[in-house]
1. Taking every eigenvalue of the Cα gyration tensor of region 34-145, multiplying by 5 and rooting it, what semi-axes result, largest first, whole Å?
2. List, in order, the whole-Hz ³J(HN,Hα) value for each residue of region 169-182 obtained from phi through the Karplus relation with A = 6.51, B = -1.76, C = 1.60 and θ = phi - 60°; use x for Gly and Pro.
3. What's the ranking of 83-90, 35-42, 128-135 by average number of surrounding C-beta atoms within 10 Å, highest first?
4. Count neighbours as other Cβ atoms within 10 Å of each site's Cβ, and list the GluC sites (Glu not before Pro) in region 10-111 that are DSSP loop with at most 15 such neighbours.
5. Let me understand region 5-93 better: what is its radius of gyration from the alpha carbons, and its Dmax, in angstrom?
Amino acid sequence: MSTKSNLVFGENYFPKNISGPQGRAIWLQENDRMKGKYLGACLDGIRWGGETTVMYEMGTRQMIGFIQEWMNQNKGSLLWHEKQPPKNFSLPYTDLKECPSDSSHERTVKDMGGRIRCAHQSIIELKPSFVDAYRTFDERAQAERISFIEETPIAPGGGPDEDEEDKQYDKDYKKYEKQLAKFENEDPVFIATDLCYAVLSDKGDILSLEEILNRLNLNRATYTVYCTKKGLTHDFHSYDIVRCKLGEWDNDMECLGHTVYTNNTVHDFDGWYLAWHVQRWHEQLPDGKAPVLGKRKSISTEGDLLDFIRAKEMLSKPKREIASTAVEA
Ligand SMILES: [Zn+2]
């Protein structure tokens, strides 16, 4: 029964009181209003258009929700676009000629998922009493890693109270001098291997919808806010930040930052072209099994952390022994 013109929106599809892309996006998601419509038409109906770019008033997570709602309304008959994608159409894979971290890195390795990665390894030597470990997400490696940093003792801030004898400051300063002497005399016997592991190519990899949308977004998909003693650098709230505020974050410690998702998306192509990306994402695996959200892979094994803890425990033992243990591990 449906003709081609029924699959897109006529001029009068949206009621007059629904204005703006955001209002239309909400309206479409209600009462099966996207049923029997092309995804391209739906996406193109909820964007702002500029000369060279288009913008959606939704971040990646909200866009995923919109697409999932469209899929839900069109179960069993997913009409992506009037036409099939052009022959040279490709998902936004990473495909680099050299390591993005350092062009002098030469060796590469193919991982279990078929991605080509940088295999450059460097050995870092750190002073064990001053080493700390932290877990971060490495964008270039597209994985979590454990990093080790050496913290140089820092002099107490502010200076002594000038009017009277500042006993607390003197005490803090003496403590600092002691730490500094220890730092200068300690040998860097904590040894860790640092594997670059940056992704050079993930062609042929199964990309999640989240990853695809993030890569296509010309706006930054996320940015980082830092807690400071005065408050946050941005007035944003996320669970992480709330956790920070509840005191799980130590005030004396430097905040490592919290990821905040942006709430708009910018492309240099229209909603119809975006629909082709969603189509190709969906077709990566049969039966709608293509992943929606990206899994965070970890490149550092828990063994790294255990080595770190073991090395810390060894500190009470003679230095030579720490060295040999660390190298062996
Ligand atoms: Zn590298």
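1. Details: eigenvalues 349, 74, 47 Å².
Value: 42, 19, 15 Å, ordered largest first.
2. The phi angles translate into 5, 4, 5, 4, 5, 5, 4, 4, 4, 5, 4, 5, 4, 4 Hz.
3. Numbers: 83-90: 9.6, 35-42: 20.4, 128-135: 15.2.
Ranking the peptides 83-90, 35-42, 128-135 by packing returns 35-42, 128-135, 83-90.
4. Details: sites: GLU11, GLU30, GLU51, GLU57, GLU69, GLU82, GLU98, GLU106; in loops: GLU11, GLU30, GLU51, GLU57, GLU82, GLU98, GLU106.
In loop regions of region 10-111 (DSSP not H, G, I, E or B), the sparsely surrounded GluC sites (Glu not before Pro) are GLU11, GLU30, GLU51, GLU82, GLU98, GLU106.
5. Just the Cα atoms of region 5-93 yield Rg and Dmax of 13.5, 41 Å.
Every read-out reported here was derived from the displayed coordinates using simple, explicitly stated rules and does not represent laboratory data. Not measured: the values here are computed from a predicted model. So basically every Cβ, Gly included, is an ideal-geometry build from the backbone, and we count neighbours across all protein chains shown.
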